[in-house]
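The values are calculated or read from the model by the stated rules, or taken from the named source; none is laboratory data. The shown structure was predicted, so the numbers you read here are calculated from the model rather than taken from an experiment. When we count neighbours, we look across all protein chains shown, and the Cβ atoms used for this are built from the backbone with ideal geometry, even at glycine.
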Amino acid sequence: MEAGQATAPRTTAGRRIPGWVAGLVPLLVLGAAIAAFVGLGAPGLERNGIPLEEVAVEQTVLRPGEIELTVRNDGPDPVQIRQAIVNDAFVNFRQTSDEIGRLGASTVTIDYPWIEGQAYEVALVTATGGTATTAVDVAAESPDAGVGFFGLMALLGIYVGVIPVAIGMLWLPWLRQVDPRVMQFLLALTLGLLAFLGIDALLEGTDFAGQGSQAFGGAALVFFGAAVAYLALVGVDARLRGRQAREQGEGAGPWRLAFLVALGIGLHNLGEGLAIGSSYAIGSLALGATLVIGFALHNTTEGLAIVAPVAKGETAGGAQRLRRLIGLGLLAGFPAVLGAWVGASAFNTSLAAFMFGLGAGAIVQVIVQIAPSVRDSAGKLMHPLAVGGILTGLMLMYATGLLIPA
Amino acid sequence: MKFGDKKISRRRLLGTAAGATAAIPLLHESFPHQGVHDQLARAAGEEHGGGGVSSRSHKGAGHRGTVGRVDPRVNGFDPQEILRDYDRGKVVREGGRTVREFELVAEDREIEVAPGVKFAAWTYNGRVPGPTLRATEGERVRVRFVNGSNHPHTIHFHGIHKDLSDGIPGVGVGNIEPGGSTVYEFEAFPFGLHLYHCHSTPLAEHIAKGLYGAFIIDPKKGRPDADELVMVMNGFDTNFDLANEIYAVNTVAFAYHDSPIQVKRGQLVRMYVVNILEFDLLNSFHLHANFFDYYPTGTKLDPRDFTDTVVMGQGERGILELRFPFTGKYMFHAHVSEFADLGWMGFFEVSD
């Protein structure tokens, strides 16, 4: 408070003081006030009671004879892990940090002869006697993050992301010949597909957000991620519109729209890849033909969504058009590979929540972009054909989603 | 055997049964059960050539138990000393009879129950278990109780006495409020192994936080000379989930596992074992590679059983007598194996 009184006269009196200095003054006063407050030991405020320790287990890795946990301190005070219990038995362990500060993480490595297929409960005992517990539902060795593993994740990503999207895009020649009414229906169907994916991303994101550390925002991260993606796409869209207007005049809209759809689906597939990679890493994913086929059918419809906008009034010629289509396919599908890599090697529930949020936000923006194309001649959005298309899209996604055993 | 760790194997090797046959003549005179003597002699012969347990250094199958050590100086009491520490009180003569005067002070105190793991205990005289009080049958026992804790407490003694000295809320002096004090007085009767504990409500909490101890009443004629050990089987609910996270004998998890109890081969060992565990209905005591005479509650001079495992409910106790015929390291633990893995496990190290 004293600092505020001392600086206030100068700023009002001196016109010679540059603007940016005046802008800094409140920050300096704030800094001084915080320093004084902390220096005096928070005068007037007394802590009530004993703070609750909050330790979240973020990641569990199983290696032969070892269980490795990444733990994060969500609570306000430093936490010291002092003992480890696996299935009601004290066990030997080591940790990377003796004391975990607020939001800090530590890796706890436990010696334990775990047996494949069995369930384990791990409890970390803190210095105050509190316990942080986590469960290993079905023990299986975690994959080593080697070249072969990244290759496998890339293959998985290509199977569930790139290839199905590319196949879906093969509908383009057919789309160019269909009746405008059918086209409108298909665009509405795309809206349905996207709506399903958006809801799915939101739910998966909040699910992940509820599992691990809450210190970074929990479910708020999903919505924060959604806002980031939505606004980023609005920005990208505005830039593209501006550039197209300069270069080619009006009429290049379809490709811009297709690009945005591909980007939105790509962000969604990033989250999907992350979920696949992380479940594979912790052994809870049954890798197999069913999974790949399920995802492939599910994601083929995404290819349709990308090419639908360019089917009518498309201007680019042969080679350029092919390049653009391949680019769009990769933009939509390849993030699944990236997601699988991240998910399998550096999985973190907060990160996953944020990434699913990105996917959801991107999809909402794409829906907003496509919606005008569905309007009928009278400018009405929710005409019977559109409603039918949206519902068909939702049902298609729901039905193909049932094929995914996860 | 789960213990394939190099560290443990080395310790086992150090304490192998070298020269075990030398024990036999001694046993011949003193082992309580003649019937088993010949078998023991044969077993000693077999044991003689045997080494320790072979080292199995398979990764992950290794060390179990807590990590680190509890410093007795920080705790203010040492499980090794509690074993043989008896409070016989101050003896005064009043009108021709012996009176033993004890003083117990309730005190809130943070103790370390496993390496690095603190527990906000309620103690008698700053230790858990409280002092082992010892008197002889027929003597007058006078216990001055001072409540230095922040909570009301009592001391309830097991034994035969009038209600006013029973140390429960609502009868006699009832709860002793913080800062208050009282005197409990009664005759030491019957002889045997008993216990004392706080009886304020909620009862489970007042016991589980550490307000208990062993109370030995010796028979008038005494018992044969022996190396006498007090073992109070207890546990600690460190995270308040009404289940114990840590189990032990005399409070510190794995204390006698990491520092074995030293005993002499052939000497009579008498263990006063009290089960004061809360939250679990049963506890047990199992000794490896040996058998013992069991005197439930210690109220009879003849053993009821010759066994290697006894099961005790809450508040149950008994006296165990045995001799170790061989040198070496012999494990003892709760045969409720979960408790053993969570701290209730130890060793006797037998030497000549």
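Table for the structure above
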read-out: Subset tally (residues that are surrounded by fewer than 21 Cβ atoms within 10 Å (Cβ to Cβ) and part of a strand (DSSP E or B)) for segment A:112-122; value: 2
read-out: Strands (runs of 3 or more DSSP E) fully within segment B:78-128 counting 1 or more residues that are surrounded by 22 or more Cβ atoms within 10 Å (Cβ to Cβ), more than 14 Å from chain A (Cβ to nearest Cβ) and touching a residue at least 60 places away in the same chain (Cβ under 8 Å); value: B:97-114, B:117-124
read-out: Qualifying residues in segment A:84-96 (those that are within 14 Å of chain B (Cβ to nearest Cβ) and assigned to a loop (DSSP other than H, G, I, E, B)) - the one nearest to the chain's Cα centre (by Cα); value: A:Asn87
read-out: Residue list for segment A:331-346, filter: surrounded by fewer than 24 Cβ atoms within 10 Å (Cβ to Cβ) and either among the aromatic types (Phe, Trp, Tyr) or in contact (Cβ under 8 Å) with a residue 60 or more places away in the chain (or both); value: A:Leu331, A:Phe334, A:Leu338, A:Trp341, A:Val342, A:Ser345
read-out: Residues located in segment B:161-179, provided they are out of contact with any Asp or Glu (no Cβ under 8 Å at 6 or more places or on another chain) and closer than 29 Å to B:Arg93 by Cα; value: B:Lys162, B:Asp163, B:Leu164, B:Asp166, B:Gly167, B:Ile168, B:Val173, B:Gly174, B:Ile176
read-out: In segment A:68-83, the residues that are more than 20 Å from A:Ala209 (Cα to Cα), more than 9 Å from chain B (Cβ to nearest Cβ) and among the aliphatic types (A, V, I, L, M); value: A:Val79
read-out: Total residues in segment B:47-68, condition more than 24 Å from B:Met271 (Cβ to Cβ), surrounded by 13 or more Cβ atoms within 10 Å (Cβ to Cβ) and either under 22 Å from the mean Cα position of the chain (by Cα) or at pLDDT below 50 (or both); value: 8
read-out: Residue identified as under 28 Å from the mean Cα position of the chain (by Cα) and without any contact (Cβ under 8 Å) to a residue 40 or more places away in the chain among A:Gly129, A:Gly117, A:Gly104; value: A:Gly104
read-out: Segment B:276-326: number of residues that are of a type in the set (S, T, N, Q) and either outside the structural domain of B:Leu242 (by TED's automatic domain parsing) or free of Cβ contacts under 8 Å to residues at least 40 places away in the same chain (or both); value: 3
read-out: Residue that is more than 19 Å from B:Met312 (Cβ to Cβ) and crowded, with 24+ Cβ neighbours inside 10 Å, where the choices are B:Ala255, B:Ala248; value: B:Ala255
read-out: Residue satisfying all of: in segment B:295-346; within 15 Å of B:Tyr247 (Cα to Cα) and in a loop (DSSP other than H, G, I, E, B); farthest from the other protein chains (Cβ to nearest Cβ) among these; value: B:Gln314
read-out: Yes/no for B:Asp258 being within 14 Å of chain A (Cβ to nearest Cβ) and among the charged types (D, E, K, R); value: yes
read-out: Neighbours by Cβ (under 8 Å, 6+ apart or cross-chain): first from segment A:305-322, in the same structural domain as A:Gln177 (by TED's automatic domain parsing) and at negative phi; second polar (S, T, N, Q) and modelled with pLDDT under 70; value: A:Thr315/A:Gln248
read-out: Flag if A:Leu40 is more than 13 Å from chain B (Cβ to nearest Cβ), surrounded by fewer than 15 Cβ atoms within 10 Å (Cβ to Cβ) and of a type outside the set (D, E, K, R); value: yes
read-out: Test: residue in segment A:373-389 that is surrounded by 19 or more Cβ atoms within 10 Å (Cβ to Cβ), assigned by TED's automatic domain parsing to the domain that holds A:Leu203 and closer than 21 Å to A:Ile163 by Cβ; value: no
read-out: Subset of segment A:147-191 [under 13 Å from A:Ala308 (Cβ atoms) and small (Gly, Ala, Ser)]; value: A:Gly168, A:Ala188
read-out: Pair list, Cβ under 7 Å, 6 or more apart: segment A:137-163 residue over 18 Å from A:Leu274 (Cα atoms), other residue surrounded by 13 or more Cβ atoms within 10 Å (Cβ to Cβ) and at pLDDT 80 or above; value: A:Ala139/A:Leu62; A:Ala139/A:Trp114; A:Ala139/A:Tyr120; A:Ala140/A:Leu62; A:Glu141/A:Leu62; A:Glu141/A:Arg63
read-out: Among the candidates A:Val61, A:Val125, residue that is more than 21 Å from A:Ser345 (Cβ to Cβ), assigned to a strand (DSSP E or B) and within 14 Å of chain B (Cβ to nearest Cβ); value: A:Val125
